[in-house]
Amino acid sequence: MRKFFKKMLTAAVTAACFFMPVSSQVEAAVERNPVTVTNARWYPAYHIAPYAGWANDPNGFCTYKGDYHFFYQHYPYATHWGPMHWGHVVSKDLVHWQNLPVALEPDHIYDASGGCFSGSGIEKDGKLYLIYTGHVDLPVISKDYADRIESQNVAVSDDGVHFEKIAENPVIYAPKVEGVSQSDFRDPKVWQHNGKYYAIVGSRTPTVDPAGNEAKGQIVLFESDDLINWNYKNIIARAEGNQGFMWECPNFANIDGQDVLIFSPQGVKPEGNKYLNWHQSVYMLGNLNYNTGTFTHGNFDILDYGFDFYAPQITQALDGRTILIGWLDMWAGKFPEDTDGWACQMTVPRELHVKGGKLLTTPIEELKSLRISETSYQNLTLTKKSSLKNISGATGELIATIDAKNSFDIELRSGGSEKTVLSYNAKNNIFKINRAKSGVFVESNNIAGNKTVEREVKLNPASEIKLQIFLDRSSIEIFINDGEAVMSTRVYPKETSTGINFVPRSGSMTIRNISFYTLGEGIPQPNIK
């Protein structure tokens, strides 16, 4: 079967090259020199970002020989999406990262025409294995003809830096079973359980099935003894109702004794003020039966309620914690930093826990190592818009506990007409973020064609609101009530817009305690050319 699949790939790539427009061939030839960063005004101080060029989905997040390795979809030759490579950084503490050479390039028949798409990493027998999707674009002949081939492939490293693709590739191809698309089949997540290896792959049903139903997203499970030879196990979960036409970037872990499936569904329609991003990132709590390959689960819920969060990937930390990093960006939008020689960044690492039937998300404790200085106040009652001495900055960490009996706003990155506004409504317990005046305007589109400037989350009733906010030069991440909700967004203000204002909206605003920390750098800063 593998030989047949390689023959099919060879024929497909030959056809694709034959049909490639001359303009595309010229573009591919021209964009061979890596770009460089020309302005660091929005380049992050401590969020993983490409040293230049484009970045999207997290990949291969794992531990290897005591270090944390993190990879990401990367195009080094321009600040837009191109044939995918894997960028690579390494850390000993999940906070301070060092750049390593590009780990994967699209240079084999099963990935050359489209790129090395997303996947995962795992240590085995002293070697680091990367399992990724090889993407081959095909000429569009008709609506009934697949426009791509996606297969799963393996690259191996003895030193965690240099990788070789194995001769046996592809190792997983779309199973020839009813209800599984042969074209959308990507983003393997691999883990070990009771001596065997398991992989889940994002998938969908055929675009239109014999009954005339539209495609439904799903996750497919495989089993292996050696990471090379894989057997199809089952479809573990499939969309129902408004849950999307394609499920990609799946992740799986047992967290606090609870099996958790994390994935990014495409095509979820807005429901009121929910699901307003172009694509979503969600989780399901359940139980995986490894014998039957079935996942008994509840409904899915949102992982991050902000504008910019997608394709999160998890790993088990050296001490057993489950850590998540997501793409702090969103498709179908603009990327103002692309004029500066780079585009896109990742979230801060987050720790996951299950409590009360919910997945809680908090920033990892290691981020405290970035703290340089602290300013604190206690028991403040504000009756008008106020700022506090030494609580301001383009980067920093703000921690506050605020009385929830009255409504209030907090203005971040404020200066002149610029501000990003957080608001809490005490009457309905809704917390919002508004970036209508956050600087260079970034439209937020969804699949219904709506353009919005706000995101919101309804909180559980409580006597106080706990906030932990991470500010970086072009991002804001808000953690609410010890992980009950998270909101992540990009912002592009002037470098001088560093103010933080506190605004009572009904009577007074009582701040029980507040601390602001200046933060150091966690990633190498670019050399400006």
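One residue stands out among those in region 299-313 that are surrounded by fewer than 23 Cβ atoms within 10 Å (Cβ to Cβ) and either within 25 Å of Cys344 (Cβ to Cβ) or free of Cβ contacts under 8 Å to residues at least 40 places away in the same chain (or both): the one that is nearest to the chain's Cα centre (by Cα), which is Ile302.
Consider Thr498 carefully, then state whether it is in contact (Cβ under 8 Å) with a residue 40 or more places away in the chain, in contact with a Ser or Thr (Cβ under 8 Å, 6 or more places away or on another chain) and under 22 Å from Tyr46 (Cα atoms).
Criteria met by Thr498.
Asn291 satisfies every condition listed in (1) surrounded by fewer than 17 Cβ atoms within 10 Å (Cβ to Cβ); (2) within 28 Å of Leu422 (Cβ to Cβ); (3) at pLDDT 95 or above except (2). Going by what's in this entry, would Ile391 be described as surrounded by fewer than 18 Cβ atoms within 10 Å (Cβ to Cβ), assigned by TED's automatic domain parsing to the domain that holds Ser475 and β-branched (Val, Ile, Thr)? Here the answer is no, as Ile391 does not meet what is asked.
Among the residues making up region 98-148, those that are among the basic types (Lys, Arg) and either modelled with pLDDT under 90 or more than 23 Å from Val190 (Cα to Cα) (or both) are Lys143, Arg148.
Looking at Gly341, Gly439, Gly356, Gly415, just one residue is over 23 Å from the mean Cα position of the chain (by Cα), among the small types (Gly, Ala, Ser) and under 28 Å from Trp278 (Cβ atoms), and that residue is Gly439. Residues that are in a loop (DSSP other than H, G, I, E, B), surrounded by fewer than 17 Cβ atoms within 10 Å (Cβ to Cβ) and in contact with a strand residue (DSSP E or B) (Cβ under 7 Å, 6 or more places away or on another chain) within region 429-443 comprise Asn429, Glu443, listed in sequence order. Filtering region 67-86 to residues that are over 16 Å from Tyr132 (Cβ atoms), touching a Gly at 6+ places or on another chain (Cβ under 9 Å) and part of a strand (DSSP E or B) leaves only Asp67. Selection of region 331-376 for residues being aliphatic (A, V, I, L, M) and modelled with pLDDT under 95 yields only Ala332. None of Glu351, Glu337, Glu397, Glu411 is within 16 Å of Ile469 (Cα to Cα), not assigned by TED's automatic domain parsing to the domain that holds Arg512 and not aromatic (Phe, Trp, Tyr) except Glu351. Of all residues in region 407-441, those that are within 30 Å of Gln266 (Cα to Cα) and in contact with a Pro (Cβ under 7 Å, 6 or more places away or on another chain) total 4.
For (1) assigned by TED's automatic domain parsing to the domain that holds Thr395; (2) touching a Leu at 6+ places or on another chain (Cβ under 7 Å); (3) modelled with pLDDT of 90 or more, each residue gets a yes or a no:
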position	(1), (2), (3)
Val30	no, no, no
Asn33	no, no, no
Asn39	no, no, yes
Tyr51	no, no, yes
Asn59	no, no, yes
Pro76	no, no, yes
Trp81	no, no, yes
Val90	no, yes, yes
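Can you pull out every residue in region 38-57 that is in a strand (DSSP E or B) and farther than 17 Å from Thr489 by Cα? Listed by number, the residues that qualify are Gly53, Trp54.
The residues listed here are Asp187, Asp256; of these, the one that is acidic (Asp, Glu), in the same structural domain as Asp301 (by TED's automatic domain parsing) and crowded, with 21+ Cβ neighbours inside 10 Å is Asp187. May I ask you to verify whether Ile402 is β-branched (Val, Ile, Thr) and crowded, with 16+ Cβ neighbours inside 10 Å? Considered against the rule, which asks whether it is β-branched (Val, Ile, Thr) and crowded, with 16+ Cβ neighbours inside 10 Å, Ile402 comes out as yes. If I filter region 444-453 for residues that are outside the structural domain of Gln345 (by TED's automatic domain parsing), surrounded by 15 or more Cβ atoms within 10 Å (Cβ to Cβ), closer than 25 Å to Lys355 by Cα and not polar (S, T, N, Q), do I get at least one hit? Checked against the condition, which is being outside the structural domain of Gln345 (by TED's automatic domain parsing), surrounded by 15 or more Cβ atoms within 10 Å (Cβ to Cβ), closer than 25 Å to Lys355 by Cα and not polar (S, T, N, Q), region 444-453 yields no hits at all. Only a single item in (1) free of Cβ contacts under 8 Å to residues at least 40 places away in the same chain; (2) over 23 Å from Asp482 (Cβ atoms) is not met by Asn429, and it is number (2).
Evaluate region 196-210: report whether one residue or more is closer than 20 Å to Phe71 by Cβ and either among the acidic types (Asp, Glu) or surrounded by fewer than 18 Cβ atoms within 10 Å (Cβ to Cβ) (or both). No, region 196-210 contains no residue that is closer than 20 Å to Phe71 by Cβ and either among the acidic types (Asp, Glu) or surrounded by fewer than 18 Cβ atoms within 10 Å (Cβ to Cβ) (or both). From the list Leu388, Leu380, which one is of a type in the set (A, V, I, L, M) and assigned to a loop (DSSP other than H, G, I, E, B)? Going through Leu388, Leu380 in turn, the sole match is Leu388. Within region 357-370, being of a type in the set (Val, Ile, Thr) and in a strand (DSSP E or B) holds for Thr361, Thr362. Condition check for Thr518 on (1) within 30 Å of Lys355 (Cβ to Cβ); (2) more than 24 Å from the chain's Cα centre (by Cα); (3) part of a strand (DSSP E or B): one failure, at (1). The residues of region 319-356 that are surrounded by fewer than 18 Cβ atoms within 10 Å (Cβ to Cβ) and either small (Gly, Ala, Ser) or assigned to a strand (DSSP E or B) (or both), listed by number, are Gly320, Ala332, Gly333, His353, Lys355, Gly356. Answer yes or no as to whether Pro250 is at pLDDT 95 or above, touching a helix residue (DSSP H, G or I) at 6+ places or on another chain (Cβ under 7 Å) and crowded, with 21+ Cβ neighbours inside 10 Å. Taking the combined requirement at face value, the residue does not satisfy it.
If we keep just the residues of region 30-74 that are surrounded by fewer than 21 Cβ atoms within 10 Å (Cβ to Cβ) and among the polar types (S, T, N, Q), which is farthest from Ser91 (Cα to Cα)? Residue satisfying both the conditions and the ranking: Asn33.
The values are calculated or read from the model by the stated rules, or taken from the named source; none is laboratory data. Keep in mind that what you see is a predicted model, and the values were worked out from it rather than measured. Positions of Cβ are generated from backbone atoms using ideal geometry, with glycine treated the same way; all protein chains shown enter the neighbour counts.
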